[in-house]
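The structure under discussion appears below in the form of structure tokens.
The values are calculated or read from the model by the stated rules, or taken from the named source; none is laboratory data. Worth saying up front: this structure is predicted, and the values here are computed from it rather than measured. Side chains are part of the model used for accessible areas, which takes the heavy atoms of the whole protein and leaves out ligands, DNA and RNA. Shrake-Rupley method; radii C 1.70, N 1.55, O 1.52, S 1.80 Å.
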Amino acid sequence: MRKLVGRNFGRLRKAKGFTQEGFAEASGFTQQYISGLETGRRNPTVVTLFELAGTLGVSHVDLVVPDDEARSERTRSGKRK
């Protein structure tokens, strides 16, 4: 889940034209936190997801929607959710 959130966040951040530094400045999070989030090393709280999404101008749900990689990982592991 951390990797999925990181991938979604990074994709959306870039689509909105933010650098990591620019997003950090706009959101109040540090660039180091943003980097850790995108690499799956950070485990954001629900409140943090709302704050990140708000700065991006997207729904918090957009940060947790399974992407193609998550779907293929689920298929390979035989899990269905």
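Could you grab the relative contact order for the chain? Cα pairs under 8 Å, six or more apart, rounded to a whole percent.
Working: 72 pairs, mean separation 29.2, N = 81.
Relative contact order comes out at 36 percent.
Averaged per residue, what accessible area in Å² does the chain show with a 1.4 Å probe, protein chains only?
On the way: 5220 Å² over 81 residues.
I get 64 Å² per residue for the chain.
Measure of size requested: the Rg and Dmax of the chain, with Cα atoms as the atom set and Å as the unit; please supply both.
Just the Cα atoms of the chain yield Rg and Dmax of 12.8, 41 Å.
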